[in-house]
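**Q** One structure coming up, written as structure tokens, with questions to follow.
The values are calculated or read from the model by the stated rules, or taken from the named source; none is laboratory data. Everything quoted here is computed from the prediction, not taken from an experiment. Note: ideal-geometry Cβ built from the backbone for every residue, glycine included; neighbour counts use all protein chains shown.
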Amino acid sequence: MTAEKAKQEAAPPEAAKRRYTPKLLIVAGASAGLLLVGVAGAALWLWPKAPDAAEAKAARLAARRAAVPASAPAALPAPTPVAAAASAAEAAEPQPSPAVVAEASLERLQRRLGEVLGPKGAIEAGRSGELRLLTRSSSVAPVRDVGNKAAAEPTSTQDGRPTQAATPRTGPWSYSGLGGPQAWGRLKPEFSQCAAGRRQSPIDIRDGIALDLEPVQFDYQPSGFSVIDNGHTVQVNLAPGNSIEVNGKRYALQQFHFHRPSEERINGRQFEMDAHLVHKDAEGRLAVVAVLLERGAAQPLLQTVWNNLPLEKNEEFAARAPIDLNQLLPTDRRYYTYMGSLTTPPCSEGVLWLVMQQPVPMSAQQIDIFSRLYPMNARPIQQAAGRMIKQSN
Ligand SMILES: [Zn+2]
């Protein structure tokens, strides 16, 4: 039975549905009680909180269910704990039966589960003929979404109902869950590069060609700034007047922001954090200077930024004192360089990356402060795919 179950779970959705159809027919028979008790028992154990109007919900869901074609096969959500418990309770081997009986059985199963669960949850028949358990708990395991790894992480809507993972996702991007990096390319048409791009960032920097690279010329000066928590990171916007020159081109500094842990890796090594200094030239091309941040002494410029953290997200906090970005640069200005992309949607390519080789220290306390806001906001490593990496001798 274990091997059989494994096969069922590995099977594509259609096959899974076919396999489950006879199972539901069994419910019409003598073994229904076992299954119901198993599901209900698991539900009671897993989800102690209750929806307010399970019955009203069940009625609404039954109405929704009526829109489903009578021949639609039924399936239980496969990888949830409830389904796992149900699998343990299900003893019967599949037996063939007409689809119309399955439909009637499904209705009855749905009704019976609703009765047994009482205030602990409600059963919804999904559009594709599967049954979903609805509860109020935020720790609810997600419904099945075959083929979307990001959707396998626990998630729920604000009213506590499990998110319907089968619904096309147009929500905000994030670093985990349904809007996580694996899904970025599908969230919006303009994010397609996140999935289809072949020169993406970040990468694990290794096997660079050591050369006498021209140093990056940093023309930074004390500048007024404001801090914003944009929901993805802490970003510092600067007054104009800061720029770099590299490869004979001048790029003006737009903003800088942080990632934890570092997005860049050097020979596989990841750092506590990094700072990305985003510059743009007259034609709109981007050059990003990455400063790796490691645990050590306190970093005065970062402390100034942290001191000016806004209380609210998406509200810019204008600082009263200026900052001098020279303070954030390492003393050794050697760097790695390669062509990549933005590391956040829309993942646009054609970005010149300049990664400083020497990490800059910041204190554990300073790292902790950022961690409280963003414990993890680093995009996973992308394929270098044979791109040339150069590094200063
Ligand atoms: Zn960044």
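**Q** Condition test on residue 309, is it among the hydrophobic types (A, V, I, L, M, F, W, C), touching an Asp or Glu at 6+ places or on another chain (Cβ under 9 Å), closer than 20 Å to residue 229 by Cα and within 16 Å of the ligand (Cβ to nearest atom)? Write out each step before concluding.
**A** Details: among the hydrophobic types (A, V, I, L, M, F, W, C): yes; touching an Asp or Glu at 6+ places or on another chain (Cβ under 9 Å): yes; closer than 20 Å to residue 229 by Cα: yes; within 16 Å of the ligand (Cβ to nearest atom): no.
Spelling it out, it is not the case that residue 309 is among the hydrophobic types (A, V, I, L, M, F, W, C), touching an Asp or Glu at 6+ places or on another chain (Cβ under 9 Å), closer than 20 Å to residue 229 by Cα and within 16 Å of the ligand (Cβ to nearest atom).
**Q** Of the numbered conditions (1) buried (at least 21 other Cβ atoms within 10 Å of the Cβ); (2) in contact (Cβ under 8 Å) with a residue 60 or more places away in the chain; (3) away from the ligand (no atom under 16 Å from the Cβ), residue 183 satisfies every one except a single condition; which is it?
**A** That leaves (2) as the condition not met.
**Q** Counting only residues that are surrounded by 17 or more Cβ atoms within 10 Å (Cβ to Cβ) and closer than 21 Å to residue 372 by Cβ, which one in region 218-231 is farthest from the ligand (Cβ to nearest atom)?
**A** 226
**Q** Go through region 275-305 and count every residue that is without any contact (Cβ under 8 Å) to a residue 24 or more places away in the chain and among the acidic types (Asp, Glu).
**A** 1
**Q** Here's something else I'd like to know. Does residue 364 qualify as being within 16 Å of the ligand (Cβ to nearest atom) and at pLDDT 95 or above?
**A** no
**Q** Taking region 172-218 as the region of interest, how many residues are farther than 30 Å from residue 326 by Cβ and out of contact with any Leu (no Cβ under 7 Å at 6 or more places or on another chain)?
**A** So the count comes out to 28.
For every residue, the table says whether it meets (1) more than 13 Å from the ligand (Cβ to nearest atom); (2) in the same structural domain as residue 236 (by TED's automatic domain parsing); (3) surrounded by 15 or more Cβ atoms within 10 Å (Cβ to Cβ).
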position	(1), (2), (3)
271	yes, yes, yes
285	yes, yes, no
301	yes, yes, yes
305	yes, yes, yes
318	yes, yes, no
325	yes, yes, yes
343	no, yes, yes
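**Q** Additional query: Could you please give the count of residues in region 255-269 that are within 12 Å of the ligand (Cβ to nearest atom) and either of a type outside the set (A, V, I, L, M, F, W, C) or modelled with pLDDT under 95 (or both)? Even if it seems obvious, please write down each step before you answer.
**A** Kept after step one, since they are within 12 Å of the ligand (Cβ to nearest atom), are these residues of region 255-269: 255-260, 262-264.
Still in the running and either of a type outside the set (A, V, I, L, M, F, W, C) or modelled with pLDDT under 95 (or both): 255, 257, 259-260, 262-264.
Residues that pass the stated criteria total 7.
**Q** Quick check on region 321-343. Is at least one of its residues part of a strand (DSSP E or B), touching a Cys at 6+ places or on another chain (Cβ under 7 Å) and either over 29 Å from residue 250 (Cα atoms) or in contact (Cβ under 8 Å) with a residue 40 or more places away in the chain (or both)? Can you show your working first?
**A** Start the filter on region 321-343 by keeping residues that are part of a strand (DSSP E or B), which leaves 323, 335-341.
Of the ones still in play, those that are also touching a Cys at 6+ places or on another chain (Cβ under 7 Å) are 341.
From what's left, either over 29 Å from residue 250 (Cα atoms) or in contact (Cβ under 8 Å) with a residue 40 or more places away in the chain (or both): 341.
Within region 321-343, one or more residues are part of a strand (DSSP E or B), touching a Cys at 6+ places or on another chain (Cβ under 7 Å) and either over 29 Å from residue 250 (Cα atoms) or in contact (Cβ under 8 Å) with a residue 40 or more places away in the chain (or both).
**Q** Now for a separate question. Among the listed residues 306, 353, which satisfies the condition of being within 23 Å of residue 199 (Cα to Cα) and of a type in the set (Phe, Trp, Tyr)?
**A** Unique residue meeting the criteria: 353.
**Q** To continue, here is another question. Within the bounds of region 188-203, is there any residue that is in contact (Cβ under 8 Å) with a residue 12 or more places away in the chain, within 16 Å of the ligand (Cβ to nearest atom) and among the acidic types (Asp, Glu)?
**A** Looking through region 188-203, none of the residues is in contact (Cβ under 8 Å) with a residue 12 or more places away in the chain, within 16 Å of the ligand (Cβ to nearest atom) and among the acidic types (Asp, Glu).
**Q** Another question about this same structure. Suppose we filter region 287-299 for residues that are near the ligand (Cβ under 10 Å from one of its atoms) and over 18 Å from residue 381 (Cβ atoms); how many remain?
**A** Filtering region 287-299 down to residues near the ligand (Cβ under 10 Å from one of its atoms) leaves 288, 290.
Filter once more, keeping what is over 18 Å from residue 381 (Cβ atoms): none.
So the answer is 0.
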